[in-house]
1. Could you list all residues from the stretch 274-317 that are assigned to a helix (DSSP H, G or I) and among the β-branched types (Val, Ile, Thr)?
2. If you check Ala78, Ala67, which single one turns out to be in contact with a Phe, Trp or Tyr (Cβ under 8 Å, 6 or more places away or on another chain) and either closer than 19 Å to Gly156 by Cα or surrounded by 17 or more Cβ atoms within 10 Å (Cβ to Cβ) (or both)?
3. Just a yes or no: is a residue in the stretch 35-56 without any contact (Cβ under 8 Å) to a residue 40 or more places away in the chain and over 30 Å from Leu370 (Cα atoms)?
4. Do you know which residues across the stretch 286-314 are buried (at least 22 other Cβ atoms within 10 Å of the Cβ) and either of a type in the set (A, V, I, L, M) or without any contact (Cβ under 8 Å) to a residue 12 or more places away in the chain (or both)?
5. From Leu459, Leu479, Leu409, which residue is closer than 26 Å to Asn384 by Cα and either surrounded by fewer than 20 Cβ atoms within 10 Å (Cβ to Cβ) or not aromatic (Phe, Trp, Tyr) (or both)?
6. Residue by residue through the stretch 372-404, note down the ones that are among the small types (Gly, Ala, Ser) and within 15 Å of the ligand (Cβ to nearest atom).
7. Just give me the residues in the stretch 120-137 being part of a helix (DSSP H, G or I) and touching a helix residue (DSSP H, G or I) at 6+ places or on another chain (Cβ under 7 Å), in sequence order.
8. Could you check, for the stretch 300-309, whether at least one of its residues is under 27 Å from Gly462 (Cβ atoms) and β-branched (Val, Ile, Thr)?
Amino acid sequence: SKRMSEVPIKPPVEVKYTQLLIDGKFVDAASGKTFKTLDPRTGDVIANVAEGDAEDINRAVAAARKAFDEGPWPRMTAYERQKVLLRFANLLEQHNDEIAALEAWDSGKPYQNALIEVSMVTRLMRYNAGWADKIHGLTVPAHGPFHMQTLYEPIGVAAGIIPWNFPLPMYAWKVAPALACGCTVVLKPAEQTPLTALLVSQLLYEAGLPPGVLNVIPGFGPTAGAALASHMDVDKIAFTGSTETGRIISDLAIKSNMKSVTLELGGKSPFIVCEDADVDKAVELAHQALFFNQGECCAAGSRTFVHERIYDEFVEKSKQRALKRSVGDPFKEGTEQGPQIDEEQFNKILRYIKSGVESGATLESGGERLGDKGYYIKPTVFSNVKDDMLIAKDEIFGPVQTILKFKDLNEVIRRANATHYGLAAGIFSQNVDTINTLTRALKAGTIWVNCYDVFDAALPFGGYKMSGHGRENGFNGLLNYLQVKSVCTTL
Ligand code: NAD
């Protein structure tokens, strides 16, 4: 494996693959259409990418179906499948610089963070590969003269629709468990970030994946995405993105063949700083919990609740920290925050900032764009935020921290849970009683205590309420891609 690069490969990185990947080959869209993927630093075109639509989805699903029904992938030993996935993990390591550079270029995230994400994805592939030959059913104690057992079978053709904020990790969360279980896959990357999915999928074929087992169709949501969600020959769909789109995808799945659906949707996660907190440490963690990845995180700690006793000090220090945050070119050493993904998200965030000011919150820092090209936004902190303000209710998905004040635990529990979302929550305290009370009372799929954004291939992740259903990662993640067959035998 290679050293972690200190001097990143810089754009223009060679863009090797821009076509659809169907049945193991790169091909043009049936319509011949392409779309532009842009550099968030400038808005300039990085590449023209084949634009898949319903006809291409049909071709991809047919290839995945054939590979599932007739091909070697579900039939080979789990050990053979495992070896392909492990070879792929090695290739990810060997090409980590190139992959991370392409990811940073297409998404605007700091190169160093992209490099860490490649290593997390490598670990995730190995984790799921490890499960491939350990998935098995049970012998069930029978009541009567029967032999009862369960068999775990791959669910079939699995579809994935993924967002632009973590293109590679989201790719891996869908593809790794599906392949480990013996499924075949059709994946639609986000239209803003189609490039790394194509690059790493080629590596997966180099690692020995049989044709048709993974198909990648760049394209738009209402065309390619909707065709995938409503396809009669897709057995399962896993989606990560907005709650709105999750509802559409769920609806299409139900109205077509009732395919199984996993949804990982939006959030408005509370980060609760308790009375006993070390303020400096809490400020830093709350800052990271919100501003990490340009604030473009489904799990962002986007409602910072702070106990009234330390509120003023916390606000002042959060403002100072935000003013010090280094925003700039993702390829410059030390950059903490790059540009937002695109003009639409950039404008949406600026509209939320305006609404925060108009609704009477105090703007402590930022509040405007940085520079005059690309989609950079200054780290923005609001204090005196009230629960009913739009900035405290909606998922902003940008570098905008909202700091709210609370008096006691019962109050903060009620307010933290007063949202349709339930993806994650953060607790900052050294008091065991407080930690236990909050951990049990908060309605969220992940609770981070004195840490934040810690993800692990082995730890399930997913939402309560309208943040989705189902869990990804860990053994729970594999269950999404398995059918349980019960067999009852007597002679
Ligand atoms: P989105 O949910 O619309 O897009 C995510 C994916 O869904 C993309 O691949 C897109 O092409 C696809 N899609 C869109 N419409 C579709 C449809 N009708 N049928 C099938 N697939 C469809 O997200 P967005 O528009 O890029 O961003 C809007 C907001 O979503 C953001 O501001 C943020 O609040 C939220 N978001 C959340 C996450 C997350 O990780 N939970 C990720 C990205 C965006």
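1. Keep residues of the stretch 274-317 that are assigned to a helix (DSSP H, G or I), which gives 279-295, 311-317.
Listed by number, the residues that qualify are Val279, Val283, Val315.
2. Numbers: Ala78 fails: in contact with a Phe, Trp or Tyr (Cβ under 8 Å, 6 or more places away or on another chain).
Just one listed residue meets the conditions, Ala67.
3. Our first condition is that a residue be without any contact (Cβ under 8 Å) to a residue 40 or more places away in the chain; within the stretch 35-56, this holds for 36, 44-45, 48, 55.
Narrowing further to those that are over 30 Å from Leu370 (Cα atoms): 55.
Yes, there is a match, as at least one residue in the stretch 35-56 is without any contact (Cβ under 8 Å) to a residue 40 or more places away in the chain and over 30 Å from Leu370 (Cα atoms).
4. Residues satisfying the conditions are Ala286, Ala289, Leu290, Ala299, Ala300, Val306.
5. Numbers: Leu459 fails: closer than 26 Å to Asn384 by Cα; Leu479 fails: closer than 26 Å to Asn384 by Cα.
After applying the criteria, what remains is Leu409.
6. Step one: of the stretch 372-404, the residues among the small types (Gly, Ala, Ser) are 374, 383, 392, 398.
Residues satisfying the conditions are Ala392, Gly398.
7. Step one: of the stretch 120-137, the residues part of a helix (DSSP H, G or I) are 120-132.
Selection gives Met120, Val121, Thr122, Leu124, Met125, Arg126, Asn128, Ala129, Trp131, Ala132.
8. First pass over the stretch 300-309, keeping only residues under 27 Å from Gly462 (Cβ atoms): 300-305.
Checking the rest, the ones that are also β-branched (Val, Ile, Thr) come to 304.
The answer is yes, given that some residue of the stretch 300-309 is under 27 Å from Gly462 (Cβ atoms) and β-branched (Val, Ile, Thr).
The values are calculated or read from the model by the stated rules, or taken from the named source; none is laboratory data. Since we're looking at a predicted model, the values are computed, not measured. Note that each Cβ is placed from the backbone with ideal geometry, even for glycine, and that neighbours are counted across all protein chains shown.
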